[in-house]
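Read the structure below first, then the notes.
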Amino acid sequence: MLSVNVKIGRKPLTLRVAVVGSGPAGSSAAETLAKAGIETYLIERKLDNAKPCGGAIPLCMVGEFDLPPEIIDRRVRKMKMISPSNREVDINLINEDEYIGMCRREVLDGFLRDRAAKLGATLINATVHKLDIPTNNTDPYTIHYVDHTEGAAQGIAKTLKVDLVIGADGANSRIAKEIDAGDYNYAIAFQERIRLPEDKMAYYNDLAEMYVGNDVSTDFYAWVFPKYDHVAVGTGTMQVHKASIKQLQAGIRARAIEKLAGGKIIKVEAHPIPEHPRPRRVVGRVALVGDAAGYVTKSSGEGIYFAAKSGRMCAETIVEISNNGQTIPTEKDIKLYLKRWDKKYGLTYKVLDILQTVFYRSDATREAFVEMCADLDVQKLTFDSYLYKTVVPANPITQLKITAKTLGSLLRGNALAP
């Protein structure tokens, strides 16, 4: 294979940053860096890639990240929670201007990537396979990659020298491996995209469904989420064996069989989902964001907003500590991003971890969870936290009511039994 070194001219004291991976995390980081005038390279292996996930985004992300209306396939204002015994609880948004956005990842990711490029990031269609790490605080990192844009069947080997690297390349992050960031447990998100007859699709016009039970997921939940012209039907599970995943997917198909009648599978997708943050998220002048860092929440399995937010927060910190790209930051400097992230969202991750441990450990606890979701106070607190990513403290009396109802649900379902 032909080896070509990319020689890139640079102004003195101008920071060069490579962002590996152009999902919401990488593109948001690249956009922020490029807008600040920092020399930015955004490297993506598959420009048409779409990560398998439910595709739900909170309302606050639409505003924060200036997402245009065409990015949102459906504005979901109704949610059905369906228990192991098929008890249904309807959760409806009250305010007319509030909704959960449903999007296709190929559309969302493409928009964010293109916007970063338009703002000045250099987009490189390539696969990164090695990172040479310098022995001091000033020498550049050398990224070895295979460029896919020049027509060669196997690509062309190239190198790129940069001062700082942001790893946004997902759960199987090559950058994380290169810096020995440590492993984490992971789950599998598996889904089928199913095109339904018009009458069936009309049912899901502004409605999403979440199913819980050992038959659809032993660890999380299964979903039917509406998209532009189809529904995404999937499950998340720690059961990583293909036979187990197929069995759980068959479970959600069986639970929703009448609603999916006449549907045609148009795509099948699967992808690993991190279970907790990596042991090391900043090593030297390399920072991890999004799934590469392990920023998927427990219980809800939400990752899109937190990926984009982590990419932006990391990049904002780099802009600040480098004086808009005029100095090369150290590992200690970059770790300010971690301090800010953990201060802002650390408690959220801990609370959702506890909720998953309590409510997803058996079908009895899942029944209690669905029963609890029927309470209007619980619904308001949950939606406020999800839509706006701010935990709105309930007044003491409401908080006591919620606690009492939660314990009552658990006791009625024998969920507190060992």
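Residues in segment 33-52 that are within 16 Å of Gly167 (Cβ to Cβ) and modelled with pLDDT of 95 or more: Leu33, Thr40, Tyr41, Leu42, Ile43, Glu44.
Residues in segment 27-57 that are among the β-branched types (Val, Ile, Thr), within 23 Å of Ile100 (Cα to Cα) and either out of contact with any Cys (no Cβ under 9 Å at 6 or more places or on another chain) or surrounded by fewer than 21 Cβ atoms within 10 Å (Cβ to Cβ) (or both): there are none. Test Asp73 against the criterion of being touching a helix residue (DSSP H, G or I) at 6+ places or on another chain (Cβ under 9 Å) and buried (at least 16 other Cβ atoms within 10 Å of the Cβ), and give yes or no. Answer is yes for this residue. Filter segment 221-254 down to residues that are touching a residue at least 40 places away in the same chain (Cβ under 8 Å), buried (at least 22 other Cβ atoms within 10 Å of the Cβ) and outside any helix (DSSP H, G or I), then give me how many there are. So the count comes out to 10. When each of Asp363, Asp342 is tested for being more than 22 Å from the chain's Cα centre (by Cα) and either in the same structural domain as Arg285 (by TED's automatic domain parsing) or more than 17 Å from Ser385 (Cβ to Cβ) (or both), the lone residue that passes is Asp363.
For Lys335, the stated conditions hold: it is modelled with pLDDT of 95 or more and charged (D, E, K, R). The residue that is nearest to Gly294 (Cα to Cα), counting only those in segment 164-182 that are in a loop (DSSP other than H, G, I, E, B) and hydrophobic (A, V, I, L, M, F, W, C), is Ala171.
Of the residues making up segment 273-286, those that are farther than 21 Å from Met210 by Cβ and either assigned to a strand (DSSP E or B) or among the acidic types (Asp, Glu) (or both) are Val282, Val283, Val286. One residue stands out in segment 183-204 among those that are at pLDDT 95 or above and part of a loop (DSSP other than H, G, I, E, B): the one that is surrounded by the fewest Cβ atoms within 10 Å (Cβ to Cβ), namely Pro197.
Just give me the residues in segment 211-220 being surrounded by fewer than 22 Cβ atoms within 10 Å (Cβ to Cβ) and modelled with pLDDT of 95 or more, in sequence order.
Asn214, Asp215
Taking segment 355-389, which residues are at pLDDT below 85 and either in contact with a strand residue (DSSP E or B) (Cβ under 6 Å, 6 or more places away or on another chain) or among the aliphatic types (A, V, I, L, M) (or both)? Leu355, Val358, Leu376, Val378, Gln379, Leu381, Leu387 - these are the residues of segment 355-389 that are at pLDDT below 85 and either in contact with a strand residue (DSSP E or B) (Cβ under 6 Å, 6 or more places away or on another chain) or among the aliphatic types (A, V, I, L, M) (or both).
On the stretch given as segment 260-290, residues that are more than 20 Å from Ala168 (Cβ to Cβ) and either surrounded by fewer than 16 Cβ atoms within 10 Å (Cβ to Cβ) or of a type in the set (A, V, I, L, M) (or both) total 9. Exactly one residue among Cys103, Cys60 is closer than 22 Å to Phe306 by Cα, surrounded by 18 or more Cβ atoms within 10 Å (Cβ to Cβ) and not charged (D, E, K, R), and that residue is Cys103. When Arg312, Arg340 are checked against the criterion of being of a type in the set (Lys, Arg), touching a Phe, Trp or Tyr at 6+ places or on another chain (Cβ under 9 Å), part of a helix (DSSP H, G or I) and more than 22 Å from Ala187 (Cα to Cα), Arg312 stands alone in meeting it.
Residue count for segment 337-376 under the criterion of being surrounded by 14 or more Cβ atoms within 10 Å (Cβ to Cβ) and more than 21 Å from Val212 (Cα to Cα): the result is 6. Among the residues making up segment 128-138, those that are surrounded by fewer than 18 Cβ atoms within 10 Å (Cβ to Cβ) and either in a strand (DSSP E or B) or at pLDDT 95 or above (or both) are His129, Lys130, Asp132, Ile133, Pro134. Condition check: of a type in the set (A, V, I, L, M, F, W, C), part of a helix (DSSP H, G or I) and over 21 Å from Phe306 (Cβ atoms). Does Ala117 satisfy that? Taking the combined requirement at face value, the residue satisfies it.
When segment 66-89 is limited to residues that are assigned to a strand (DSSP E or B) and touching a Lys or Arg at 6+ places or on another chain (Cβ under 8 Å), the one that is nearest to Arg104 (Cα to Cα) turns out to be Arg74.
The values are calculated or read from the model by the stated rules, or taken from the named source; none is laboratory data. Quick caveat: nothing in here was measured; it's all calculated off a predicted structure. In this analysis, Cβ positions are derived from the backbone assuming ideal geometry, glycine residues included, and neighbour counts consider all displayed protein chains.
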